[in-house]
Amino acid sequence: FPSHDHSAGHMSHPFQDMELTFGDVKAMFRLGLTGEITVQGNPTEKLDGQNLFVTFNNGKLYAARNKGDIKNGGMDYKSIQTKFKGRGEIEKAFTFAFRDLERAIQKLTEKQQTMIFKNGKAWMNLEIMYPGGTNVINYDGAYIVFHGVSLYNDSGEKVEDYPDYARMLGGMIQQVNANTQKTFSIAKPKKLTIAKTQNFDERLNY
C-alpha cells in the first residue's frame with residue numbers, strides 16, 4: 001500500500017507514514033482482506049526501480065525528482081545529463097529513459113499530450129527498471145512503467161490525482177507503436193486482482 005504522495009525518489013511504506021492512526025491501519029487491513037483496495041484506483045504491482053516524475057509541454061519532456069524540481073518546471077535532457085553525470089548505470093537509466101520517453105510522447109497528437117500533461121502542470125509518476133541499475137530485484141529487460149498523474153499548482157503543491165491516466169497514456173503510446181524504443185519498453189501499470197479472504201472475521205482479529 002505504498003503512498004504516491006512524496007515526489008522524492010521513493011514511495012513511502014505505511015510504517016514510514018507518521019500520520020497514520022490505528023484506525024487507518026485497521027481500515028487498511030479491512031480493505032486488504034475484503035479485496036477492495038481501490039482507494040486510488042485498482043491496486044498495481046510495487047516495482048523496484050528508479051522513481052521519476054515527468055511532464056510534457058511545447059514538444060519537450062521535463063523531469064523532476066522532487067517538489068522543488070516540479071515547482072521550477074522540471075529538468076530538460078541536458079539538465080538530466082548534468083545531474084546524473086558520472087554515476088554509471090544510474091546515469092544510463094535516467095538519460096536513456098528520458099530520451100526514449102520523449103520520443104514516444106512526441107508521437108502522440110497535441111490533443112493527447114495536453115489532455116494528460118495539461119501544458120506542463122500535470123506530472124506522471126513513473127518507475128524506471130534498468131537491469132544495470134536495479135535496487136534489489138533484477139528485471140529481465142529495461143522497462144518504464146507509469147503509476148499515475150498528479151496536477152500541481154504554481155507553488156508545487158499537489159491539487160488533484162488522475163490514477164487512470166497511467167493506463168491511458170500507456171494505451172496511447174501503444175496505439176502509435178511507440179512503446180518499444182531504443183533501450184526501454186514503455187508499459188502500463190500491472191493491475192492486481194486481490195480476492196476476498198476466507199474466514200474474514202478471524203483474520204481481521206488476528
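The values are calculated or read from the model by the stated rules, or taken from the named source; none is laboratory data. Predicted model, so just to flag it, every value in this text is computed and none were measured. Note that each Cβ is placed from the backbone with ideal geometry, even for glycine, and that neighbours are counted across all protein chains shown. For the accessible areas, the whole protein counts, side chains as well, though only heavy atoms, and no ligand, DNA or RNA atoms are used. Shrake-Rupley method; radii C 1.70, N 1.55, O 1.52, S 1.80 Å.
Between Y77 and K107, what is the label-point separation in nm under the 7 Å Cα-to-beta-carbon projection?
1.6
Cα gyration tensor of the stretch 94-135, axes a ≥ b ≥ c as square roots of the eigenvalues: rounded (a/c below 1.5), prolate (a/b > b/c) or oblate?
Because a/c hits 1.5 or more and a/b exceeds b/c, the stretch 94-135 counts as prolate.
Just the number, please: carbon plus sulfur as a percent of the accessible area of the stretch 57-152, 1.4 Å probe, no ligands or DNA/RNA counted.
Result for the stretch 57-152: 46 percent of the exposed heavy-atom area is carbon or sulfur.
Under the rule of at least 5 residues apart or a separate chain, name every residue whose amide H is placed under 5 Å from the amide H of A142.
Amide H neighbours of A142: S185.
What does the accessible area of D201 come to, in Å² to the nearest 10, when a probe of 1.4 Å is used?
Accessible area, nearest 10 Å²: 100 Å².
Tell me, what is the FRET efficiency for N66 and T34 to the nearest 0.05, using R0 = 25 angstrom and their Cβ-Cβ distance as r?
0.10
Per 0.36 nm of contour for each residue apart, how much would the distance between N119 and L151 grow if the chain were fully extended, relative to their Cα-Cα spacing?
The span from N119 to L151 would gain 10.5 nm if fully extended.
Hey, with R₀ at 22 Å, roughly what FRET efficiency would L20 and E202 work out to, going by the Cβ-Cβ distance, to 0.05?
Taking R0 as 22 Å, the efficiency between L20 and E202 is 0.35.
Over 32 Å between Cα atoms, which of K83/K107; K83/K118; K83/K158; K78/K118; K118/K196; K26/K92 qualify?
The answer is K118/K196; K26/K92.
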